[in-house]
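Quick one: this structure, given as structure tokens, is what I'll be asking you about.
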Amino acid sequence: CRMSPAEFAEYRDLIPEEISGRDYSDHYGLLPDTVTWVDAETTYRPRACAEHPIHENHRVHEFAGLMQFAELRHREREQAGEAGDTWFTNERVDLLERAGRLMYGSHLSYGERLGLGSPETDLMVELVRERGTDRGLYGAKITGGGAGGTVAVLFDANSPAAETAITEACVNYERLTGLRPRLHRGSSPGAVAFGARQILRG
């Protein structure tokens, strides 16, 4: 997934769009790991599954870049004596909208390319999207261990309109599904605070 989307485009058509498990095993033998297997009767979509992590890696780097740029601009404004609410400018909103589009793209790819989405998370993402940027909800995507359960939402925590909109989305979700969502605010500093450990095989 460190390959760029442009690099992958050169090889994309070499990967079969679909292949049966039987054909895969006949052509390529066993998988290189010991915890998964190929079902002879299943039709697999290797091209889409290869494409997702490459595009997702690109989206993550672009998202991180937008957040770093936003933080830099915020510091510049603080130093210039323009801190606080005055930083709610068109530039800031543009950065959040761009980040939100990346989140929606990630969510769509996860469901369509990998087939790992769920109706519940799709519904919550759609409820957020319906309320949109005018109400301070910029993006949403499935997150967590996969196949549903948690949706991350990018919204303006200082905006009463965004608070109302996210609450409204949760109420509508419960009305439509009979399931009550739990809203968790903020996030752990995670790897930013504690660092990351690289695990090498072999």
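Check off (1) over 19 Å from the mean Cα position of the chain (by Cα); (2) assigned to a loop (DSSP other than H, G, I, E, B) for A193 and give me the number that stays unchecked.
(2)
Residues in the stretch 8-32 that are part of a loop (DSSP other than H, G, I, E, B) and touching a strand residue (DSSP E or B) at 6+ places or on another chain (Cβ under 7 Å): how many? Steps first, please.
Initially, the stretch 8-32 is screened for residues part of a loop (DSSP other than H, G, I, E, B), giving 15-18, 29-32.
Now drop any that are not touching a strand residue (DSSP E or B) at 6+ places or on another chain (Cβ under 7 Å), which leaves 18.
Number satisfying all stated conditions: 1.
Yes or no: G132 at pLDDT 90 or above, loosely packed, with under 15 Cβ neighbours inside 10 Å, under 22 Å from M67 (Cβ atoms) and out of contact with any helix residue (DSSP H, G or I) (no Cβ under 7 Å at 6 or more places or on another chain)? I'd like the intermediate steps shown before the answer.
Numbers: at pLDDT 90 or above: yes; loosely packed, with under 15 Cβ neighbours inside 10 Å: yes; under 22 Å from M67 (Cβ atoms): yes; out of contact with any helix residue (DSSP H, G or I) (no Cβ under 7 Å at 6 or more places or on another chain): yes.
Yes.
Within the stretch 151-188, work out how many residues are of a type in the set (A, V, I, L, M, F, W, C) and farther than 10 Å from L137 by Cβ. Can you show your working first?
From the stretch 151-188, those of a type in the set (A, V, I, L, M, F, W, C) are 151-155, 157, 161-162, 165-166, 169-171, 176, 179, 183; that's our starting set.
Next, only the ones that are farther than 10 Å from L137 by Cβ stay: 151-152, 157, 170-171, 176, 179, 183.
So the answer is 8.
Restricting the search to the stretch 1-23, which residues are among the hydroxyl-bearing types (S, T, Y) and either in contact with a helix residue (DSSP H, G or I) (Cβ under 8 Å, 6 or more places away or on another chain) or under 23 Å from R59 (Cα atoms) (or both)? Walk me through it before giving the result.
Narrowing the stretch 1-23 to residues among the hydroxyl-bearing types (S, T, Y): 4, 11, 20.
Passing the criteria: S4, Y11.
Among all residue pairs at least 6 apart or on different chains, which show Cβ distances below 8 Å where the first residue, located in the stretch 10-30, is at pLDDT 95 or above and surrounded by 15 or more Cβ atoms within 10 Å (Cβ to Cβ) and the second is charged (D, E, K, R) and part of a loop (DSSP other than H, G, I, E, B)?
Qualifying pairs under 8 Å: S20/E41; G21/D39; G21/E41.
Which condition breaks for E51 when tested against (1) acidic (D, E); (2) farther than 30 Å from R135 by Cβ; (3) open to solvent by 60 Å² or more (accessible area, probe 1.4 Å)?
Single failed check for E51: (3).
Among the residues that make up the stretch 92-108, is at least one of them at pLDDT 95 or above, open to solvent by 50 Å² or more (accessible area, probe 1.4 Å) and of a type in the set (A, V, I, L, M, F, W, C)?
Checked the stretch 92-108: at least one residue is at pLDDT 95 or above, open to solvent by 50 Å² or more (accessible area, probe 1.4 Å) and of a type in the set (A, V, I, L, M, F, W, C).
Okay, next question. Tell me whether the stretch 167-177 contains one or more residues that are in a loop (DSSP other than H, G, I, E, B) and either among the acidic types (D, E) or open to solvent by 70 Å² or more (accessible area, probe 1.4 Å) (or both).
No.
Being over 19 Å from the mean Cα position of the chain (by Cα) and in a helix (DSSP H, G or I) is the filter; apply it to the stretch 33-68 and report the residue that is farthest from P5 (Cα to Cα).
To start, the set of residues in the stretch 33-68 that are over 19 Å from the mean Cα position of the chain (by Cα) comprises 33-47.
Next, only the ones that are in a helix (DSSP H, G or I) stay: 46-47.
On the way: P46: 16, R47: 13 Å.
The extreme case among them is P46.
A follow-up question, please. Could you go through the stretch 96-105 and let me know if any residue there is part of a loop (DSSP other than H, G, I, E, B), touching a helix residue (DSSP H, G or I) at 6+ places or on another chain (Cβ under 6 Å) and closer than 30 Å to L176 by Cα. Quick ask: steps written out before the conclusion?
Kept after step one, since they are part of a loop (DSSP other than H, G, I, E, B), are these residues of the stretch 96-105: none.
Scanning the stretch 96-105, I find no residue that is part of a loop (DSSP other than H, G, I, E, B), touching a helix residue (DSSP H, G or I) at 6+ places or on another chain (Cβ under 6 Å) and closer than 30 Å to L176 by Cα, so the answer is no.
Those residues that are at pLDDT 95 or above and over 24 Å from L102 (Cα atoms), I need them from the stretch 155-176; list them, please.
Selection gives V171, N172, E174, R175, L176.
The values are calculated or read from the model by the stated rules, or taken from the named source; none is laboratory data. Everything quoted here is computed from the prediction, not taken from an experiment. Every residue, glycine as well, gets a Cβ built from its backbone with ideal geometry; the counts of neighbours run over all protein chains shown. Accessible surface is based on the protein model in full, side chains and every heavy atom, while ligands, DNA and RNA are left aside. Shrake-Rupley method; radii C 1.70, N 1.55, O 1.52, S 1.80 Å.
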